[in-house]
Amino acid sequence: SKRKSTLEVYHKHGPCSQLVQGHSPLNHTKSLLQDESRVKWIQSQSSNGSDGLKVSAATSLPAKSGITLGTGNYIVTISLGTPKQDLTLIFDTGSPLTWTQCQPCVGSCYTQSDPIFDPSHLSSGCSRSTCLYGIQYGDQSSSVGFFATEKLTISPTDVIDNFEFGCGENNQGLFGRAAGLIGLSDDKISIVEQTATKYGKYFSYCLPSSSSSTGHLTFGKDGGASNSVSFTPLSTVPQSSQFYGISIVGISVEGNRLSIPSTVFSSGGAIIDSGTVISRLPPTAYSALRTAFRKAMANYTTAPALSILDTCYDFSKESTVTVPTITFSFAGGADINLDHNGIFYVAKASQVCLAFAANGADTDLGIYGNVQQKTFEVVYDVAGGKLGFGSKGCS
């Protein structure tokens, strides 16, 4: 399918975001702890044989326990209904369901920047008693409500009729002031599957490098991906079909491949996730990366650790900083040189940390997080079973 639709992407704490009232700075420690709870949940899913989203479709029963997943970091604006109502939503490749807060908030609604969606004008949809859902995320955030069907407007020219989404009447948690969430995982209820005939299960995004710049989320492909995109096969993650699996085969620092046995990466496997901030590596791989990185950074002043990040530097007195190159090698020959924005997590000039953390064991599921994805065109060719990375994707 040659059709495509593009949305602007902002960081939820950035100045372009409508979710920030005044200048409430991001609490880095809290953010990293939320990230940790998401990771623990994702990893528990891959080992305990959970079967993903549990949706109750029986009459007048409350929704069964939903899936637990952490919150996302990047937002886009879409419209629902006729006349259309604009909604600013977090997008998440690790979540299946798209939902928004709905009136009347019979349980509770948190404060959001857009007016809360009013489903009383819905042209179609389920009666409240028959189609209930409940979804819970790894940081204890949750949304409970009923399924509804409405017109989804992605752009003025791209309208999806009969889009199924969750109308949340009891919502709580750490969604900032976003109106809800767009689920991008490969699940029959996700937007990817619901728009499959239009966009061919193909989407891409670029996460902006800073809170003040803009990226995009694009559904469909426009004459195919450009030549500068390197592809790697999407792999399946045992028992975790809602996540996109990838195969990391090696890491290089300054062009030198680290001597990490290939079994270190294959024993736990890995996923790519837009809602996890810091990438989690097998401890054997992380210690090799950290050793080589610290050696390359030996001339710089070290700084205290920040939460889960243990390799930090004080750049407050530096006029220039030379960042060592880090290259990730994925199955199929895709070698990705991280953007310098994808190497450091900047809390402040005097505390700039290597944006990776170690898992508890080499057998734990690895996660390629959103810091490492910054500035790349990340292409999900779900139908073709492959994932692509193209540099300078936001420009």
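Summary table below
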| read-out | value |
| --- | --- |
| Thr232 vs. criteria open to solvent by 20 Å² or more (accessible area, probe 1.4 Å), more than 29 Å from Asn27 (Cβ to Cβ), of a type in the set (Val, Ile, Thr) and not in a loop (DSSP other than H, G, I, E, B) | no |
| Test: Gly255 is farther than 21 Å from Trp99 by Cα, open to solvent by less than 10 Å² (accessible area, probe 1.4 Å), assigned by the TED database to the domain that holds Gly342 and more than 22 Å from the chain's Cα centre (by Cα) | no |
| Long-range neighbours under 9 Å by Cβ, at least six apart or interchain, first residue within 11 Å of Ile135 (Cβ to Cβ) within segment 166-191, second among the acidic types (Asp, Glu) | Gly173/Asp139; Leu181/Asp92; Gly183/Asp92; Ile189/Glu164 |
| Some residue of segment 227-243 being under 18 Å from Ile90 (Cα atoms) and either in contact with a Ser or Thr (Cβ under 9 Å, 6 or more places away or on another chain) or not assigned by the TED database to the domain that holds His340 (or both) | yes |
| Of residues in segment 286-313 being at pLDDT 95 or above and in contact with an Asp or Glu (Cβ under 8 Å, 6 or more places away or on another chain), the one most open to solvent (accessible area, probe 1.4 Å) | Thr302 |
| Test: residue in segment 274-285 that is more than 20 Å from Leu234 (Cβ to Cβ), under 23 Å from the mean Cα position of the chain (by Cα) and surrounded by fewer than 18 Cβ atoms within 10 Å (Cβ to Cβ) | yes |
| Members of segment 271-305 that are without any contact (Cβ under 8 Å) to a residue 12 or more places away in the chain and either within 30 Å of Val76 (Cβ to Cβ) or not β-branched (Val, Ile, Thr) (or both) | Lys295, Ala298, Asn299 |
| Any chance Thr214 is farther than 22 Å from Thr327 by Cβ and at pLDDT below 95 | yes |
| Candidate set from segment 178-195 (those that are open to solvent by less than 10 Å² (accessible area, probe 1.4 Å) and assigned to a loop (DSSP other than H, G, I, E, B)); member that is modelled with the lowest pLDDT | Ala178 |
| Unique match (being of a type in the set (D, E, K, R), within 23 Å of Leu32 (Cα to Cα) and in contact with a Ser or Thr (Cβ under 9 Å, 6 or more places away or on another chain)) among Arg280, Arg290 | Arg290 |
| Failed criterion for Phe146 (all others in (1) modelled with pLDDT of 85 or more; (2) touching a Phe, Trp or Tyr at 6+ places or on another chain (Cβ under 8 Å); (3) open to solvent by 20 Å² or more (accessible area, probe 1.4 Å) hold) | (3) |
| Selection from segment 357-366 of residues that are in contact with a helix residue (DSSP H, G or I) (Cβ under 6 Å, 6 or more places away or on another chain) and closer than 27 Å to Ser210 by Cβ | Ala358, Gly366 |
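Table: residues versus (1) more than 22 Å from the chain's Cα centre (by Cα); (2) open to solvent by 30 Å² or more (accessible area, probe 1.4 Å).
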| residue | (1), (2) |
| --- | --- |
| Lys317 | yes, yes |
| Pro324 | yes, no |
| Asp335 | no, yes |
| Cys353 | no, no |
| Phe356 | no, no |
| Leu365 | no, no |
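The values are calculated or read from the model by the stated rules, or taken from the named source; none is laboratory data. In this text, all values refer to a predicted model and were calculated from it rather than measured experimentally. As a convention, Cβ positions derive from the backbone with ideal geometry for all residues, glycine included, and neighbour counts pool all protein chains shown. These area figures cover heavy atoms from the full protein model, side chains too; ligands, DNA and RNA do not enter into them. Shrake-Rupley method; radii C 1.70, N 1.55, O 1.52, S 1.80 Å.
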